[in-house]
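Working notes, beginning with the structure itself.
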Amino acid sequence: MAPVDDRVSIDFFRLFGARVAQGRAFSAAEDRPGGPHVAVVSDRFWRNRLGQSSRVIDQAVSLDGDLFTVIGVLDSNFDGRALSPSLADGPDIWLPLQMDPGTTSDLNVYFAAGRLREGVSFELARTETANAANVVRRTFPGAMPVDNGLSVERLPAVFVREVRPALLSLWAAVTVVLLIACANTVNLLLVRASVREREMAIRVATGASGGRIVRQLLTESVALAMAGGGAGLVVGAIGTRVLLSIQAWNLPGFGPEGSRVTVDVRVLAFTLITSLGIGVAFGVVPALRRSGVVVVEVSLALMLLVGAALLIRSFVAVRRVEPGFDTHHVLTMQTALIGRHFASGRAVSGLVTDALHRLEALPDVEVAASTLTGVPLDAG
């Protein structure tokens, strides 16, 4: 399979924190129109296609009949798949963008990313981008449609755009299940408190104040919650590794190497705060020993159970939304025809026609078709 390349500007690697393990990144002189043919390769490409050569720097690689000189190898921690969700494995090779402001081609589509300066809001960036689009339309009439142009999105939203509804439904269901567990635990604590009435009476008789007894019950509740949180953290870490191994949902960055989905400091802090808050909040209920609390807790648990079931059903429904056309037994692929071999429309047409004939000749293929703008519901 031919390597997949991507063209980027000189600040691309610095912006996304990609470190160069060998060699260097692009220079300003190499990113000019007509600049030298240089390339930065991924760690995967260096290992699998270049044999982990210690002399990889200045080695030549062939792309579409042109030779490019390798000037750098990225660190293995950089996951290019997250920045190229349309590519299953991400790019193998990065080339300098070498954008030509004087081009007359009308098929130029670029994606830009950047960090906002301190004090600049996302809304201001969106407004300025819309103003820039209006300037382009006035300066070059017809170059940019009114219903399409320049737009700004937060990078995390771009990564999880397709799976956000499912993730929100799953998060809500998990929250409800947590509340059910808390309600059931409170019921058990209430039962335990009724058994310990004699113990508490003896403590009061020996001089223990009501506040001290409440503190003792809260301490026991917090210790129980922290133990449960720790156990849940271990199970969550193991479950995350399992999901990474099967690449669930094709989430950007999901994968055993270089994944952003991991149990990090933020997860530890959230677990600690949640466990502590639950221990204090639900530990007060047994300490109050109010009549009718058991009935309330059972009712709450039943209500939460129904809510969790509905949320899980909604999650399954989101995953099974019918797009309006039959997708069974349909395979798709996409490719970019670039380089001097496909400079003419006749060459492109010939390749597509030949590919369709070859596909339809396969015994397991019923029909094959090609499209320029993408399959239904594609971003293009």
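Could you tell me the calculated FRET efficiency between Arg24 and Ala205, based on Cβ-Cβ distance and R0 = 51 angstrom, to the nearest 0.05?
Here the calculated transfer efficiency is 0.05.
How much length, in nm to one decimal, is gained on full extension between Val174 and Val365, taken as 0.36 nm per residue of separation minus their Cα-Cα distance?
64.5 nm
Counting only the heavy atoms of the protein chains, how much of Thr371 is accessible to a 1.4 Å probe, in Å² to the nearest 10?
Estimated to the nearest 10 Å², Thr371 gives 90 Å².
What's the extension gain from Val191 to Val158 if we count 0.36 nm per residue and subtract their Cα-Cα distance?
Going from the current span to full extension adds 7.0 nm.
Between Tyr110 and Leu356, what FRET efficiency follows from the Cβ-Cβ distance if R0 is 25 Å, with the result rounded to 0.05?
So the FRET efficiency works out to roughly 0.25.
If I model a spin label as a point 7 Å beyond the Cα along the Cα-Cβ vector, how far apart are those points for Glu220 and Leu167 in nm?
4.1 nm
For the range 308-331, list residues with backbone N below 20 Å from a point placed 7 Å from the Cα of Val267 toward its Cβ?
Hits in the range 308-331 for Val267 at 20 Å: none.
Probe radius 1.4 Å, ligands and nucleic acids left out: which of Phe140, Phe159, Phe45 has the largest accessible area, and how do the rest follow?
Phe140, Phe159, Phe45
In what sequence, largest accessible area first, do Ile57, Ile180 appear using a 1.4 Å probe?
Heavy-atom accessible area, descending, gives Ile57, Ile180.
How long is the gain from Asp64 to Val235 if the chain were fully straight, where each residue apart is worth 0.36 nm and the alpha carbon distance is subtracted?
Between Asp64 and Val235, full extension yields 56.8 nm more.
What is the distance, in nm, between label points placed 7 Å from the Cα along the Cα-to-Cβ direction at Ala130 and at Ala227?
In this crude spin-label approximation the distance works out to 5.6 nm.
As a test question: what accessible area, to the nearest 10 Å², does Ile278 have when a 1.4 Å probe is rolled over all protein chains in place?
40 Å²
Testing the spin-label approximation: label points 7 Å from Cα along Cα→Cβ at Asn148 and Thr274. State their distance in nm.
4.1 nm
I'd like the distance between the alpha-carbon centres of the range 117-186 and the range 45-65, rounded to an integer number of Å.
The two parts, judged by their Cα centres, are 38 Å apart.
The values are calculated or read from the model by the stated rules, or taken from the named source; none is laboratory data. Just so it is clear, the structure is predicted and the values come from calculations on it, not from any experiment. Methodologically, a virtual Cβ is constructed for each residue, glycine included, from the backbone with ideal geometry; neighbour enumeration extends over all protein chains shown. Accessible surface areas use protein heavy atoms only, side chains included; no ligands, DNA or RNA. Shrake-Rupley method; radii C 1.70, N 1.55, O 1.52, S 1.80 Å.
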